[in-house]
Amino acid sequence: MSRNKSSSPNQPLRKTIYTALKRQILSGQVAPGARLVETSLAAELKASRTIIREAIKQLELENLVRVTPYKGTEVARFSLEDIEEIYTIQAALEGMAAGLATRRINNGEIKGLRRIQARLRAAIREEPATWQRLNVRFHQFFLEKCGNHRLQNLINNHRDQFARYWRIILSIPGQRERNTRDHEKILKALEKREPLKVRLAMEDHIQQAAVNLTTFLQKHSFLI
């Protein structure tokens, strides 16, 4: 486990360590269930135990780690309840953003989204990270066009919880193909300028991803 060497030297050490730990948890570099030992982290990251403890406390508030008295700290494991809650919230928020965006976009912008979708289809057989970057752009389009800054902030603040599962989702056979087909349904409703259908299609798209994720995790005994 290491600090991000590109961090600003003026950035408080606690925030630097918190950011590094969070990034490694979200990326899967530090696995669910892995123990975080204050003394080891302090020595490895050349920081005091107080700073390590403060960073861990922030991660606990974000439900990324679990702190158990007299037992220590571990990276939060996946649970069915967590997945259902996180995806239900994300589906509602992104569905709302998509519905609002439908009323605001023009034909040229829809053509731009069509180009992203075409690149997504072509990227299905490329590296998962390439497909995911385009997938983020597809979803980000609706967020940027929704015209509601508070909604944008809610979605952005919630994405860290949501993003933790993407590494696993992208490893599920056929998931990228299914997601790309879902995007097509969203696009067709968008081209017809039907806000409710766009909203429902986006919600269904995200909820179905949750079903696929939980099925995969249960099959491989990754859930608690």
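Residues in the range 98-126 that are touching a Gly at 6+ places or on another chain (Cβ under 7 Å) and either in contact (Cβ under 8 Å) with a residue 60 or more places away in the chain or not basic (Lys, Arg) (or both): LEU100 only.
If you go through the range 19-42 and keep only what is in a helix (DSSP H, G or I) and either more than 12 Å from VAL65 (Cα to Cα) or at pLDDT below 90 (or both), you end up with THR19, ALA20, ARG23, GLN24, ILE25, LEU26, SER27, GLU38, THR39, SER40, LEU41, ALA42.
Scanning the range 61-80 for residues that are more than 23 Å from the chain's Cα centre (by Cα) and charged (D, E, K, R) turns up just one, LYS71.
The set of residues in the range 44-78 that are closer than 16 Å to GLY28 by Cβ and of a type in the set (Gly, Ala, Ser) contains only ALA76.
Number of residues in the range 33-77 that are hydrophobic (A, V, I, L, M, F, W, C) and touching a residue at least 60 places away in the same chain (Cβ under 8 Å) equals 1. On the stretch given as the range 127-158, residues that are crowded, with 17+ Cβ neighbours inside 10 Å and either without any contact (Cβ under 8 Å) to a residue 12 or more places away in the chain or not in a helix (DSSP H, G or I) (or both) total 1. Considering (1) farther than 17 Å from ALA97 by Cα; (2) among the aliphatic types (A, V, I, L, M); (3) assigned to a helix (DSSP H, G or I), the lone condition that ILE172 does not fulfil carries the number (3).
Specify the residue that is nearest to THR16 (Cα to Cα); the eligible residues are those in the range 54-65 that are surrounded by 17 or more Cβ atoms within 10 Å (Cβ to Cβ) and of a type outside the set (S, T, N, Q). Among them, the one singled out is ALA55.
The values are calculated or read from the model by the stated rules, or taken from the named source; none is laboratory data. None of these values were measured; they are calculated from a predicted model. Every residue, glycine among them, receives a Cβ derived from its backbone with ideal geometry; neighbour counts consider all protein chains shown.
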